[in-house]
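Inspection log for the structure reproduced underneath, given as structure tokens.
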Amino acid sequence: LAQARAGDRGIARSEETAEARQRLLSLGYTSGAAAPKQRYTEADDPKRLIGLDAQIQEVVSLYNAGDLTGAIARVQAVLAARPDMPLALQNLAFLQRETGDLRSAVETLRRSLAVHPADTDAAALLGAYLNESGRSHEAARLLEVFAERK
């Protein structure tokens with residue numbers, strides 16, 4: 001659902017210049033969105049994650065087919081097996097927003113950030129949804145923390 005969520009950020013992506021890339025690098029923005037895990041368990045074994053990945057792909061397929069109810073049910077099944085999965089939490093938030101439940105979408109993203117506080121994708125989406133719900137000052141405070149990180 002990343003392509004569908006891209007519009008939530010309110011800007012179109014474009015190629016950056018070498019100068020812009022250097023500035024982003026100096027601010028710490030060219031690393032991955034989510035911080036690496038500190039501890040890996042059996043549940044992190046790639047062989048165990050194949051099924052979850054297939055379910056996430058099914059979420060996208062259901063959404064693309066217009067089946068929001070089915071997509072939400074599938075992503076909730078993923079979260080039942082892996083409650084801390086950032087992508088599943090972000091997908092659930094997006095789907096909740098698509099159904100008009102912006103309040104739940106915001107709460108889901110807060111839950112994601114509580115588990116993964118360095119996840120810039122979750123923070124950006126939460127900032128967009130807070131702004132959309134009329135809480136622009138709260139969004140600015142949240143995103144300011146990420147802008148100040150180096």
**Complete:** Here, Ala54 and Ala114, labelled 7 Å along Cα→Cβ, have an inter-label distance in nm of 3.2
**Prompt:** For a label point 7 angstrom out from the Cα of Phe146 toward its Cβ, which stretches of region 86-105 have the backbone nitrogen within less than 19 Å?
**Reply:** 86-98, 102-105
**Size of charge dipole - region 63-113 - debye, nearest 20, with Cβ of Lys, Arg +1 and Asp, Glu -1, no other charges** = 120
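Run the dipole for region 42-148 about the Cα centre, Lys and Arg Cβ at +1, Asp and Glu Cβ at -1, nothing else charged, and hand back the magnitude in debye, nearest 20.
Numbers: 10 positive and 16 negative charges, 46 e Å.
Computed charge dipole of region 42-148: roughly 220 debye.
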**Item:** Stokes-Einstein D (µm²/s) once Rh is taken as the Kirkwood radius of region 84-150 over alpha-carbon pairs, at 20 °C in 1.002 mPa s
**Value:** 184
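Values in this text are rule-based calculations from the coordinates and carry no lab data. Bear in mind that the values here come from a model prediction, so they are computed numbers and not experimental data. Reconstructed Cβ throughout: ideal geometry from the backbone, glycine too, with neighbour counts over all protein chains shown.
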